Each structure stands twice: as structure tokens, then as C-alpha cells.
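Data first, discussion second: the structure below is written as C-alpha cells.
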Amino acid sequence: MEEITKTAHKYAVKNAFEHGGEAQIGAVVGKVKALFPKADLKKVMPQISKAVLEVNKMKKDALEEEYKKFEAKGWELKHIEKEKSLPELEWLKKGEKIITRVAPNPSGAMHFGHARPAVLTDEYVKRYSGKYILRFDDTDPKVKVPIAGIEKEFMRDFEWLGIKFDEVGNASDRLERYYEIIEELIKKGHAYVCSCESEKWRELIWKSKECPCRKKDAKVQMAEWKKMLSHEIKEEQAVVRLKTDLKNKDPSTRDWWMAKVVDEVYHPNQKTAGKHVWPSYNLASAVDDHDMEINFIIRGQEHVSNEEKQRALYEIFKWKYPHTEYFGKISKIGDMTLSKSKMKEIMEAKGVENYDDPRMATIMAFRRRGFTPQAIRKVIVDCGVSMKEVKITLDNFAAANKAVLGEAQEYPFFEEAVKMDVYNLSSGSGECYGEKVEFETGVMELFVDKKELIKYSKKKGALVRFKKAFNAKIDEANEFGGKATFISYSKTDNPILSWVHEMIDVEILMSDGSLKRGFSAPSLLNATGMVHFEGLGYANIEAKKDGIIKCVYAYE
Ligand SMILES: [Zn+2]
């Protein structure tokens, strides 16, 4: 309310000053409406009227003084954005708790694609004080092979994003449980061991026809299954399938495979040693969700057909399927890649398995680039939970990050620096990017950006202002350096020339993986975190080593 009164007063002053001393109430109401879309106009109308009346009574001098005061601060009040928030869970009964989970595959570092469901889920967990389970989906030792040690990195990234779990576990710990389910299904005639060649099987199933294995009785199936477990049946010789409706609209959901044999298993979980039968994602996920009493899941649209598959299993056991929400794909994510093959390419080119290259949309890379977890969470929440494909620009991240960090301190960035001699100085002082510099009478050697200086090569006699210091006349300017003559310290509108009195080496790892080298001001030695390089953009200071300040580029 107070905020609205202040706004009404401010815009009444503006309107009155610009219209001969009398503010129009309609104009002020319009501004309030634009800035506070949620405000109840009927309720705030008396305040607006009062503000307008008071301003219209002001004397001309007082009005002008106040107008100038506001003008100095800038008119556009921060636009109060309509809070973007996630929809309520309509199905949730009063007093009912949500039990939910994320199930990342630890076959690579955590990236934005993992963070998205995790953050959205976390928002709901916090809103409804639910139970949150992290389950590493590590049951594919063949294609999505789990990487030893990567789970620790996931935990660090989750924590950094402000996500805490009530339980953490691995699907690979539960192989025996999946076997138990398969046996139960076989006994009840709901599953079969299929040894058909996959192409032939697919041909049949697409025509809604069953394969010969499906008809065999449960005892034969069980014997075959035991051979899978004992590894008498080898990889690609057989799989276990669930019997579903062969007329299912989507052929990929018909008789989906639940378990297969893997001959050579490389798995960081020692408890899986000697196990050659591995569940499909759908079997593991369905059973775990049931056993863990999950009642709510948020996940990507690629899981829509998985839900259909898993529901077939849930129906057999008369389990209750969790409530699900799906979100659409990300078509673009700033200047970073989510593509696994591109990430692999980058890492292979570097010859190391490092996941923090700024070209990749991993959480490690976001952190290196100086993005805050709050900014990442905001971008994710802003994308919402909808099947609509989203395109996230670097500007989205930058705006969210700037809102968290505030304005960063500015520093120069000279890709090439040249010497500039300033003659006839009289004593005084200037400011070099936050550092006070004393000038003595006589000649002083400063450094400027070569590109900037060359612009003056044909403008002999041009007047410039050495940024936050003094005015001077350019006497000489070329690619090797220049000379200038001091004029005065008083403030002028001369074109600004950035300068430093000492060069500091800077290296910026750019978002395309290249390294940009240049020079900056000595005050950068005391800076930490995000800084703003003039003419280049924002970068995060990562290290200060061997006299070089190493940064990672963030955004423009
Ligand atoms: Zn078959």
C-alpha cells in the first residue's frame, strides 16, 4: 500500500510538472495500474486522489525541486513483474503429503536437463513440505554406463542449487527386487522370456501379432528366466517382456522389455558384482516409484510413453500410479550445449574428462561462469511446467543473475595496450577503476587500449578526457603508442579515453572455448567474483595465478 502511495505521489509530481502545475488523476491511475497489476484499484483510489490533490497544491518551486529529485533517480520505477509461479496441485487432498523423487542417470555430469525437474520438484516439496527422494537410475551398464565418483559431483551440484533430499539411493542396489517382480509376473502369466530376433519380433508386434515365445506356459518361461539369471543365456539371446495389450495404439508400448542379459558388466556399485540380468528403465522406475510410495513426479515429455508402459504394470499389481506433470523440450539454452555428443566432442578434444567447460550446460560450467543458483532456479521456474518447447537465451540467465548480484564493478579490458605519455601535468588526482591515482607535475606514463588510440591517429589535436581523471590534447597516436598534453582536471564532455597506470594481465576463457588475453587495471587484483569488463561483458574471476587474473566469460 505504502509503495502505491509513493508511486502515485511520484507520478503526480511528474504529471503536474509537465502540465503546467496540475496533475491529471487519470494519468496517475494509469501508471499505478501498469506498475501494480495486482492492486485493487477501488481500494487504492482514495490514496491516489489524495496524492494528486496534495501535489496540485504545491508551489512551483517546490514542485520543480521535487521533480528534479525524482528525475535524477530515473523515472521508470522497477517494473513489478507479475510473479511467475507454478500451479497448485489440485489433486492433493488437505493433509496429504507429497512424496516425490528425481532419478538422474549418473552416466555424465549433472546438467541443466537434470536441474530442471529437480528444481521444479523442489519448489513443490518446499511449498507442500513433502518428502524428496534422490534415486540414481544406474541400471544400464551397457549404454548409459554409470561413472564412478560422479554421484558425489551430483550431490555437490544439488546442494549448490539449494536442494536437499530426505533419502538418497541407487536403483542398482535393488536388482533382487526387480528379479522378484519378474518372477511374480512370470508365475502369473504376465511376462515371458522372448528369444526372437528383434527385427522379426518387431514385425509381428507392429501387426499386433504375438511371437511364439509368448504362448509358452509359465513353467517353461521360469526355466528360461533361471537360465538368464545363471548367465547360461547370453547377451542378445533373450529378454523378458511384459504382456500388454497388443492392440495398444503406440506400438512401442506393446510387450515392452523388462530385463536383459549383459555379458560384460562394468559398474561402480560393487554390490552388483556377478549380476548379468539388468532391468529396463521402465521396470526399475515403476517398481521403485511404487515401493517408495511416490505420489508425484515432474519429468520431461520423453517420459510420456514410459508412463503408458509403466501403467500396464501398475494395473496388473493394482498399484496406484503417481500423479505426473510433464514439461517440454529445451530447443536452445543460451550459448551452451546440452547435446551429449557435443559434450563428448569437447571433452575428447581436451583429452580429459572435465565437465566444466563453459561451452557445456553442466552445473559445473554454470558455476564457473559465475551464475548464481538463484538465477538458475528462477530461469527454470519461469519456464514453468508445460509441454511447450522453450528457448532460453543467455539474456534470460544474465537478467536473472544481475537481479541476484546487482551491478558488477567495471574494469577495462585492453586486448593490446600501448604506452601513452602525458606531458605538462599539473599535480592532482584521478580515479583508475576504483583506485585513487596521484599525478605529479611533469610527465606521466599511462597505458591505453591500442584499438582506441588508433582512432585518434588522424585526429591530431583532438581533445579527450582520460576517464575520471583529466582532459588532454592528443599530440600523437599510432599503433606503437601516443603522446598527449594535459589541459585541466575540470569535468568536460570530451570523448572518454580509458587508461591504466599499470598493466595487469588478464585471461578470459570465452564461451566458445577460446582464450582471450589482455590487460586491465591494478584494482582488479582486489576484485572477486563477477566483474564487468568495459566493451566486452561480464566475467567471473576464477583464479589469480602467476601474475595473471584468470576469468571465465559469463555474458554481455
Ligand atoms: Zn519371442
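Condition first: within 15 Å of the ligand (Cβ to nearest atom), of a type outside the set (Val, Ile, Thr) and part of a helix (DSSP H, G or I). Now tell me which residues in the range 203-226 satisfy that.
Listed by number, the residues that qualify are Glu203, Leu204, Trp206, Pro212, Cys213, Arg214, Lys215, Gln221, Glu224, Trp225.
Conditions tested, residue by residue: (1) open to solvent by less than 40 Å² (accessible area, probe 1.4 Å); (2) among the acidic types (Asp, Glu); (3) assigned to a loop (DSSP other than H, G, I, E, B); (4) farther than 23 Å from Ala408 by Cβ.
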| position | (1), (2), (3), (4) |
| --- | --- |
| Ala349 | no, no, no, yes |
| Asp356 | no, yes, yes, no |
| Met364 | yes, no, no, no |
| Ala375 | yes, no, no, no |
| Val379 | yes, no, no, no |
| Met387 | no, no, yes, yes |
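Name the single residue, out of those in the range 16-30 being touching a residue at least 24 places away in the same chain (Cβ under 8 Å) and part of a helix (DSSP H, G or I), that is surrounded by the fewest Cβ atoms within 10 Å (Cβ to Cβ).
Top of the filtered list is Ile25.
Leu242: under 21 Å from Arg174 (Cβ atoms), open to solvent by less than 20 Å² (accessible area, probe 1.4 Å) and not basic (Lys, Arg), yes or no?
Considered against the rule, which asks whether it is under 21 Å from Arg174 (Cβ atoms), open to solvent by less than 20 Å² (accessible area, probe 1.4 Å) and not basic (Lys, Arg), Leu242 comes out as yes.
Let's see how each residue does on (1) out of contact with any Asp or Glu (no Cβ under 8 Å at 6 or more places or on another chain); (2) assigned by TED's automatic domain parsing to the domain that holds Lys243; (3) more than 16 Å from the ligand (Cβ to nearest atom); (4) not aromatic (Phe, Trp, Tyr):
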{"site": "Asp122", "(1), (2), (3), (4)": "yes, yes, yes, yes"}
{"site": "Asp140", "(1), (2), (3), (4)": "yes, yes, yes, yes"}
{"site": "Val143", "(1), (2), (3), (4)": "yes, yes, yes, yes"}
{"site": "Ile150", "(1), (2), (3), (4)": "yes, yes, yes, yes"}
{"site": "Trp160", "(1), (2), (3), (4)": "yes, yes, yes, no"}
{"site": "Glu176", "(1), (2), (3), (4)": "yes, yes, yes, yes"}
{"site": "Glu180", "(1), (2), (3), (4)": "yes, yes, yes, yes"}
{"site": "His190", "(1), (2), (3), (4)": "yes, yes, no, yes"}
{"site": "Lys200", "(1), (2), (3), (4)": "yes, yes, no, yes"}
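Please pick out the residue among Ile80, Ile4 that is surrounded by 14 or more Cβ atoms within 10 Å (Cβ to Cβ), modelled with pLDDT under 80 and under 30 Å from Cys383 (Cα atoms).
Ile80
Mind checking which residues of the range 245-264 are touching a helix residue (DSSP H, G or I) at 6+ places or on another chain (Cβ under 8 Å) and either open to solvent by less than 40 Å² (accessible area, probe 1.4 Å) or part of a strand (DSSP E or B) (or both)?
Across the range 245-264, the qualifying residues are Leu246, Asn248, Pro251, Thr253, Arg254, Asp255, Trp256, Met258, Ala259, Val261.
Of (1) out of contact with any helix residue (DSSP H, G or I) (no Cβ under 6 Å at 6 or more places or on another chain); (2) away from the ligand (no atom under 15 Å from the Cβ); (3) not aliphatic (A, V, I, L, M), Lys275 satisfies all except one. Which?
That leaves (1) as the condition not met.
Counting only residues that are touching a strand residue (DSSP E or B) at 6+ places or on another chain (Cβ under 6 Å), open to solvent by 50 Å² or more (accessible area, probe 1.4 Å) and over 14 Å from Lys467 (Cα atoms), how many does the range 410-426 have?
Counting residues in the range 410-426 that are touching a strand residue (DSSP E or B) at 6+ places or on another chain (Cβ under 6 Å), open to solvent by 50 Å² or more (accessible area, probe 1.4 Å) and over 14 Å from Lys467 (Cα atoms) gives 4.
Please state which of the following conditions Ala62 fails to meet, knowing it meets all the rest: (1) surrounded by 14 or more Cβ atoms within 10 Å (Cβ to Cβ); (2) of a type in the set (A, V, I, L, M, F, W, C); (3) at pLDDT 90 or above.
Result: Ala62 fails condition (1) only.
Among strands (runs of 3 or more DSSP E) lying entirely in the range 446-543, which contain 2 or more residues that are touching a Phe, Trp or Tyr at 6+ places or on another chain (Cβ under 9 Å) and surrounded by fewer than 19 Cβ atoms within 10 Å (Cβ to Cβ)?
In the range 446-543, 470-478, 481-488 are the strands (runs of 3 or more DSSP E) which contain 2 or more residues that are touching a Phe, Trp or Tyr at 6+ places or on another chain (Cβ under 9 Å) and surrounded by fewer than 19 Cβ atoms within 10 Å (Cβ to Cβ).
The values are calculated or read from the model by the stated rules, or taken from the named source; none is laboratory data. Only a predicted model underlies this, so the values are computations on that prediction, with no experimental measurement involved. Positions of Cβ are backbone-derived with ideal geometry, glycine not excepted, and every protein chain shown enters the neighbour counts. Surface areas here come from the heavy atoms of the whole protein model, side chains and all, with no ligands, DNA or RNA. Shrake-Rupley method; radii C 1.70, N 1.55, O 1.52, S 1.80 Å.
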